[in-house]
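Undergrad: Please see the structure below; I have some questions.
The values are calculated or read from the model by the stated rules, or taken from the named source; none is laboratory data. Treat the numbers as computed from the prediction; the structure is a model and nothing was measured. Every residue, glycine as well, gets a Cβ built from its backbone with ideal geometry; the counts of neighbours run over all protein chains shown. Note: accessible area is taken over every heavy atom of the protein model, side chains too, but ligands, DNA and RNA are not part of it. Shrake-Rupley method; radii C 1.70, N 1.55, O 1.52, S 1.80 Å.
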Amino acid sequence: MNICHLSCLPAELRLKILSFLSHHELKMVVRVSRRWREMGEDPVLWRRLRLVVSSRTQPVIEQVLRTRRLQGVRSVKFASPVAAGQAEEMIGLVGGRESVMELDITSSKLSKVQPETLGSLVRELEVVVLTNCRLTLPQLNNIFNVLSEDKPCKLQELYIGTNDLHTLPPTLLARCVNKLSILHCDNTYLLDSQVDALFLAISQENSKLKELNILSNDLSSVSPTLISTSLISLVTVNLWGTMLTSDQVDAVFTILAKDCKVTNLNLSNNDLSNILPSSLSSCISRLTRAELCHCNLVPMQATMLLTNVATQDCKLARLDLSGNPAALQQLPQQLVGTARGRLDSLELGYC
């Protein structure tokens, strides 16, 4: 019986076989021999790798990026904050590579980076994470102006939370939101006029947005009708601590009861005590993931929700009810156990 060694196969077939291996397994392949190292370091096999840059790697990032296996890498994450004096160089080294489409530089000090450099990231990359980066007004203006232009822009996902956006013109925010599929603008000190413009843009038929994280921004001024119509096309929504009024909460549950696309919803730190138990149970059971922490839930709401989970064939897989002691302390343990068995994750916060 003839044995066909991997190295004897055509290059296309070798790559196909090696593509089924994990990156950890590929690391073992390249140690076998020089020939196997050459096969295992083909950039095609490593392009799905997310390169995580530690503080120790930052000084040699240029050499790291030159290695053969990383020539096609698409995603780079800085695990440690980049210092202000080095940020411009780091962004240039990573963002200037044609293969890189995703950059996460969370919690780095970017205040000294040229606005045009950040504008180029928005224009050339598909995913940009600038959470808690101390962005200045000129930088923010450049980012959003580039995004709002009619010129081609690749950006699909923007994570810009924990930066102060309150000085941005509402119309500029509105022009940008419909060009994104994911927007995280949590904890950004948005003004009433900005959130009104934001939700008005999301409610339009041409909006592409599917995921919105607007945690810790005051939404109490937004029309309940506008909030409900904005939820129609969204899939993932984080409204944690957004100071929703009772009318707004009613509007949210009214639209959830209809045929909307929301599957992941975080309503934590909003008062849901006035929602009818039957309505809350029915609407939350339609979701895939729900977070209702510190929502002042009453015992009947929690009981009906867990009963629905335990007895009905619902879509819900992950549920967090932490921070509702009055509603949870007297729940029958058998009900809790049955519901927990039906879910991938159930957090109650008192166990």
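Undergrad: Among [x] 1.00; [y] 1.06; [z] 0.96, which one is Rg/Rh (Cα atoms, Kirkwood Rh) computed from these coordinates?
TA: Recomputing Rg/Rh (Cα atoms, Kirkwood Rh) here picks out [y].
Undergrad: Let me ask something else. Using a 1.4 angstrom probe on heavy atoms only, work out the carbon and sulfur share of the accessible area of the chain in %.
TA: Answer for the chain: carbon and sulfur cover 52 percent of the accessible area.
Undergrad: To test your reading of the geometry: what angle, between 0 and 90 degrees and rounded to tens, separates the Cα axis of helix 246-256 from the longest principal axis of the chain?
TA: Computed tilt is about 60 degrees.
Undergrad: Students often check this: by mean Cβ neighbours within 10 Å, which of 117-123, 47-53 ranks highest, and how do the rest follow? Each step should come with its number before you reach the end.
TA: Working: 117-123: 19.7, 47-53: 15.7.
Result, highest mean first: 117-123, 47-53.
Undergrad: Identify all lysines with a Cα-Cα distance to Lys16 below 30 Å; exclude those on the same chain that are fewer than 8 residues away in sequence.
TA: Lys27, Lys77, Lys154
Undergrad: Sticking with this structure for a sec: Under a 5 Å amide H to amide H cut-off, with H placed in plane at 1.01 Å, what residues pair with Asn213 once short-range neighbours are removed?
TA: HN-HN under 5 Å from Asn213: Leu183, His184, Cys185, Asn238.
Undergrad: Between segment 214-286 and segment 321-351, how many Å separate their Cα centres?
TA: 22 Å
Undergrad: Here's something else I'd like to know. What whole-number value in Å² describes the accessible area per residue of segment 56-215 for a 1.4 Å probe?
TA: I get 44 Å² per residue for segment 56-215.
Undergrad: Straight-line reach from Lys261: which aspartates and glutamates fall under 13 Å, measuring Cα to Cα and dropping same-chain residues less than 8 apart?
TA: Within the straight-line limit of under 13 Å, Lys261 reaches these aspartates and glutamates: Glu211.
Undergrad: Which is the longest part of the chain that has none of the chymotrypsin sites (Phe, Trp or Tyr not before Pro) sitting in a DSSP loop with at most 16 other Cβ atoms within 10 Å?
TA: 21-188
Undergrad: Between helix 299-311 and the chain, what is the angle of the helix's C-alpha long axis to the longest principal axis, kept within 0 to 90° and rounded to the nearest 10?
TA: 60 degrees
Undergrad: Next question. Rounded to the nearest 0.05, what FRET efficiency is calculated for Val44 and Gln333 with R0 set to 56 Å and r the Cβ-Cβ distance?
TA: Values: r = 53 Å, r/R0 = 0.96.
Once rounded, the FRET efficiency stands at 0.55.
Undergrad: For segment 329-341, in order, what is each residue's ³J(HN,Hα) by Karplus, 6.51 cos²θ - 1.76 cosθ + 1.60 with θ = phi - 60°, in whole Hz (x at glycine and Pro)?
TA: Listing the rounded values in order: 5, 9, 5, x, 5, 5, 5, 4, x, 5, 5, 4, x Hz.
Undergrad: R0 = 35 Å: FRET efficiency of Ser54 with Asp218, Cβ-based, nearest 0.05?
TA: 0.40
Undergrad: What GluC sites (Glu not before Pro) in segment 83-168 are in a loop by DSSP, with at most 13 other Cβ atoms within 10 Å of the Cβ?
TA: Sparse-neighbourhood loop GluC sites (Glu not before Pro): Glu98.
Undergrad: Using Cα atoms only, what is the angle between the long axis of helix 84-95 and the major principal axis of the chain, expressed in degrees (0 to 90) to the nearest 10?
TA: 70 degrees
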